[in-house]
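K.L.:
What follows is a single structure, and I will ask about it in a moment.
The values are calculated or read from the model by the stated rules, or taken from the named source; none is laboratory data. Owing to the predicted nature of the structure, the values given are computational and were not obtained by experimental measurement. As a convention, Cβ positions derive from the backbone with ideal geometry for all residues, glycine included, and neighbour counts pool all protein chains shown.
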Amino acid sequence: MLFSNCSILRPSGEILENAYLQVTDDKITYIGTKKPTRHTGTIYDYTNKLLLPGFVNTHCHVPMTLLRSIGADLPLDRWLSEKIFPLEDKLNKDWAFSGTLLGIAEMLRSGVTSFSDMYFFGEARANAVLETGINANLSMGILCLDDSPFEKAPMVQESKDLFQAYHNANSGQLKVDIGLHAEYTSNPTIAKAASEYAKEIGANMHIHLSETKKETDECIARHGKTPVAYFNDLGLFDNHVTAAHCVWLTPEDRQILADKKVFVSHCPISNLKLGSGLADMSSLLEKGINISIGTDGVASNDNLNFLEDMKLTALLQKGIHNNPALFSAETVLKMASYNGALSQNRTQTGALKLGNQADIIAIDYHSINLLPCIDVISSLVYATLPSDIKMTMVNGKILYENGQFHTIDIEKVMHEVSRIGKKLY
């Protein structure tokens with residue numbers, strides 16, 4: 001297919017005007033200002049539309065769409081123990097499948113072409129990913145609060161089964177990571193064994209890290225060190241690790257994350273809603289740490305509108321440091337796309353260039369809230385709404401276009417989730 005008369009965001013940040021972009025199978029095969037002499041398939045006139053790489057949501061719990069807005073105004077520990085855990089005990093794989101479909105629809109509508117998800121019900125989530133066509137890195141979230149051996153710990157066998165059945169499914173559309181929930185839901189034996197298992201099979205790891213002051217203080221009381229130092233001493237960071245949150249860090253923690261090339265997923269809305277704190281991402285950026293953006297779960301956000309987290313990512317650092325020059329729109333846009341792809345260990349996406357996967361979104365900049373759109377990149381980060389996203393393509397296939405989902409029966413899914421909600425509560 002060929003997109004014509006469009007604007008294209010290049011990896012350099014340049015906007016190519018009145019341009020053409022060609023997709024053949026699942027790859028970008030032409031970008032230029034002259035119409036290619038050879039092309040096949042549908043030609044789309046994308047006048048007044050900007051093509052850019054799809055966004056990557058690097059930390060979420062998608063089936064938690066079923067728990068939207070639950071436990072408001074509680075801190076993380078009480079939110080989990082009093083509200084979330086009791087409700088999660090009632091969930092089943094069919095409900096998780098429906099919740100995942102709804103979450104994927106919400107992400108596609110805000111330009112997300114790939115997401116990293118830690119939760120239960122691995123097969124249900126995997127089937128939803130493969131059915132809809134979105135890219136995803138799924139993990140189970142290993143946890144253990146007793147002295148069980150690694151092989152008997154909750155989610156260990158499920159993690160192994162998920163990896164064996166689905167890793168690199170559909171030519172890499174679906175990848176499986178090894179998830180370790182957190183320091184406070186595991187022990188040193190389990191954490192070290194999970195790290196060694198990930199290393200053995202060559203898998204990425206996905207963890208929660210230093211999310212709250214309580215977590216950090218209790219880790220120091222238990223182990224005499226911060227969660228970052230604790231995991232580092234266990235060898236966890238010798239893997240490719242995406243660490244969500246990283247709110248409560250010492251200067252020594254930041255240096256460890258930089259030295260070990262840990263990928264940090266910043267979840268600003270969730271951190272604020274749960275009162276977890278204000279993450280100083282600027283200090284991580286100064287050390288060259290790869291920062292991407294996550295929504296976290298709907299229960300602590302309370303939506304999967306990735307555009308909101310992008311905007312807040314920029315605004316928070318400016319406000320925390322009283323410096324409007326921090327976290328420019330260009331920097332945040334890179335975090336939302338290219339950095340996210342690297343966090344997932346996906347090196348053939350995250351930028352519009354020849355040979356890359358065609359993970360592309362189109363934004364209509366001729367809209368009420370974007371005009372006159374003098375600074376396109378700034379408008380993207382600060383003013384774009386989901387209604388401005390007119391197309392979301394993953395691996396060369398259009399999954400969402402002009403408000404319509406091509407691979408999701410959205411009315412059926414919404415009806416099913418409404419039915420589940422009445423049973424769940």
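K.L.:
Within the range 313-345, can you find the residues that are surrounded by fewer than 19 Cβ atoms within 10 Å (Cβ to Cβ) and of a type in the set (D, E, K, R)?
P.N.:
Within the range 313-345, Lys318, Glu330 meet the criteria.
K.L.:
Do we have Ala198 as assigned to a loop (DSSP other than H, G, I, E, B), in contact (Cβ under 8 Å) with a residue 40 or more places away in the chain and assigned by the TED database to the domain that holds Pro75 here? I'd like the intermediate steps shown before the answer.
P.N.:
Working: assigned to a loop (DSSP other than H, G, I, E, B): no; in contact (Cβ under 8 Å) with a residue 40 or more places away in the chain: yes; assigned by the TED database to the domain that holds Pro75: yes.
No; evaluated as a whole, the condition is false for this residue.
K.L.:
Return the pairs, sorted by first residue and then second, in which the second residue is at pLDDT below 95 and buried (at least 18 other Cβ atoms within 10 Å of the Cβ), the first residue lies in the range 276-299 and is over 26 Å from Gly54 (Cβ atoms), the beta carbons are less than 8 Å apart, and the residues are 6+ apart or on different chains.
P.N.:
As it stands, the answer is Ser276/Leu76, since those pairs meet every condition given.
K.L.:
Let me ask something additional. Could you check, for the range 7-25, whether at least one of its residues is aromatic (Phe, Trp, Tyr), surrounded by 19 or more Cβ atoms within 10 Å (Cβ to Cβ), more than 22 Å from Thr407 (Cα to Cα) and not assigned by the TED database to the domain that holds Thr113? Explain how you work it out, then say what you get.
P.N.:
Going through the range 7-25, the residues aromatic (Phe, Trp, Tyr) turn out to be 20.
Restricting the remaining residues to those that are surrounded by 19 or more Cβ atoms within 10 Å (Cβ to Cβ) gives 20.
Okay, now just the ones that are also more than 22 Å from Thr407 (Cα to Cα), so 20.
Next, only the ones that are not assigned by the TED database to the domain that holds Thr113 stay: 20.
Within the range 7-25, one or more residues are aromatic (Phe, Trp, Tyr), surrounded by 19 or more Cβ atoms within 10 Å (Cβ to Cβ), more than 22 Å from Thr407 (Cα to Cα) and not assigned by the TED database to the domain that holds Thr113.
K.L.:
Exactly one of (1) under 22 Å from the mean Cα position of the chain (by Cα); (2) surrounded by fewer than 19 Cβ atoms within 10 Å (Cβ to Cβ); (3) more than 14 Å from Ala203 (Cα to Cα) is unmet by Leu145. Its number?
P.N.:
Answer for Leu145: the failing condition is (1).
K.L.:
Here's a check for you: in the range 396-425, which residue that is within 26 Å of Met64 (Cβ to Cβ) and within 21 Å of the chain's Cα centre (by Cα) is surrounded by the most Cβ atoms within 10 Å (Cβ to Cβ)?
P.N.:
Of the residues in the range 396-425, the ones within 26 Å of Met64 (Cβ to Cβ) are 399-400, 403-425.
Then drop every residue that is not within 21 Å of the chain's Cα centre (by Cα), which leaves 399-400, 405, 407-408.
Numbers: Leu399: 22, Tyr400: 29, Phe405: 19, Thr407: 17, Ile408: 21.
The selected residue is Tyr400.
K.L.:
Right, here's the next one. Within the range 92-113, take every residue that is without any contact (Cβ under 8 Å) to a residue 60 or more places away in the chain and under 12 Å from Leu424 (Cβ atoms) and give me the one that is surrounded by the most Cβ atoms within 10 Å (Cβ to Cβ). Before the answer, list the steps.
P.N.:
Going residue by residue through the range 92-113, those that are without any contact (Cβ under 8 Å) to a residue 60 or more places away in the chain are 92-94, 96-97, 100.
With the extra rule that they be under 12 Å from Leu424 (Cβ atoms), the set shrinks to 92, 96.
Values: Asn92: 10, Ala96: 26.
Looking at the filtered set, the residue picked out is Ala96.
Here is a yes/no grid of residues against (1) part of a loop (DSSP other than H, G, I, E, B); (2) within 27 Å of Tyr44 (Cα to Cα); (3) touching a strand residue (DSSP E or B) at 6+ places or on another chain (Cβ under 7 Å); (4) assigned by the TED database to the domain that holds His240:
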{"position": "Met310", "(1), (2), (3), (4)": "no, no, yes, yes"}
{"position": "Ala325", "(1), (2), (3), (4)": "yes, no, no, yes"}
{"position": "Ser337", "(1), (2), (3), (4)": "no, yes, yes, yes"}
{"position": "Asn369", "(1), (2), (3), (4)": "yes, yes, no, no"}
